[in-house]
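Please read the structure below before turning to the comments.
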Amino acid sequence: MVALCLHVFGFITWSFVCYIVLLIVREVARNRERRMRRINIVNQIQTIPYANLAFNVDHTCAICFEHFKNDDEVLQLKCHSSHIFHRECITEWIRQSSAQCPLCKQCITV
């Protein structure tokens, strides 16, 4: 009877371990897919000189908080016309953090 209990307990333990490993593998695959989507967004970013914006008022980048200069390469997100960031800042934001706008949290589309 004890041998049967140990056998059943061992089976349940191994089943649980296999389930946990499956969850980890699935999460790693999802993270890789998210990272690849973010890299794809970064590769498609189209930047423009700050001086070429339709409204060229005194703005600062919401990521680094530095004022824009006329020769800075910036990205104007589609979620709102005032969501403007340095190319380097938004690229690093997408790679390291999220594919969402740092200001309004909408998904970044290119």
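The values are calculated or read from the model by the stated rules, or taken from the named source; none is laboratory data. These numbers were taken from a predicted model, which means no experiment stands behind them. We place every Cβ from the backbone using ideal geometry, glycine too, and count neighbours over all the protein chains shown.
Here VAL21 clears all of (1) surrounded by 12 or more Cβ atoms within 10 Å (Cβ to Cβ); (2) modelled with pLDDT of 85 or more; (3) part of a helix (DSSP H, G or I) except the condition numbered (1).
Test HIS59 against the criterion of being farther than 17 Å from GLN96 by Cβ and either surrounded by 13 or more Cβ atoms within 10 Å (Cβ to Cβ) or of a type in the set (A, V, I, L, M) (or both), and give yes or no. Yes: the conditions hold for HIS59. When residues in segment 8-45 are screened for being within 30 Å of THR91 (Cβ to Cβ) and either touching a Lys or Arg at 6+ places or on another chain (Cβ under 9 Å) or not β-branched (Val, Ile, Thr) (or both), 18 of them pass. For segment 54-72, a residue qualifies if it is modelled with pLDDT of 85 or more, in a loop (DSSP other than H, G, I, E, B) and either on the phi > 0 side of the Ramachandran plot or out of contact with any Lys or Arg (no Cβ under 9 Å at 6 or more places or on another chain) (or both), and the qualifying residues are CYS61, ALA62, ILE63, CYS64, PHE65, GLU66, PHE68, LYS69, ASN70, ASP71. Of all residues in segment 88-105, those that are surrounded by fewer than 14 Cβ atoms within 10 Å (Cβ to Cβ) and at pLDDT 90 or above total 2.
Scoring LEU75 on the criteria (1) at pLDDT below 85; (2) aliphatic (A, V, I, L, M); (3) farther than 11 Å from ARG38 by Cα leaves a single failure, condition (1).
Residue-level analysis places ARG87 outside the set of residues that are among the basic types (Lys, Arg) and out of contact with any Asp or Glu (no Cβ under 6 Å at 6 or more places or on another chain). Answer yes or no: is there a residue in segment 3-11 that is at pLDDT 90 or above, among the β-branched types (Val, Ile, Thr) and either loosely packed, with under 13 Cβ neighbours inside 10 Å or touching an Asp or Glu at 6+ places or on another chain (Cβ under 9 Å) (or both). Within segment 3-11, none of the residues are at pLDDT 90 or above, among the β-branched types (Val, Ile, Thr) and either loosely packed, with under 13 Cβ neighbours inside 10 Å or touching an Asp or Glu at 6+ places or on another chain (Cβ under 9 Å) (or both).
Every residue in segment 26-48 that is in a helix (DSSP H, G or I) and either touching a strand residue (DSSP E or B) at 6+ places or on another chain (Cβ under 6 Å) or among the hydrophobic types (A, V, I, L, M, F, W, C) (or both), please. Before you say what the answer is, go through the steps one by one.
Pass one, segment 26-48, residues in a helix (DSSP H, G or I): 26-44.
Result: VAL28, ALA29, MET36, ILE39, ILE41, VAL42.
Condition check for ALA51 on (1) out of contact with any His (no Cβ under 8 Å at 6 or more places or on another chain); (2) among the small types (Gly, Ala, Ser); (3) part of a loop (DSSP other than H, G, I, E, B): one failure, at (3). Can PHE85 be described as loosely packed, with under 15 Cβ neighbours inside 10 Å and either at positive phi or not in a helix (DSSP H, G or I) (or both)? Taking the combined requirement at face value, the residue does not satisfy it.
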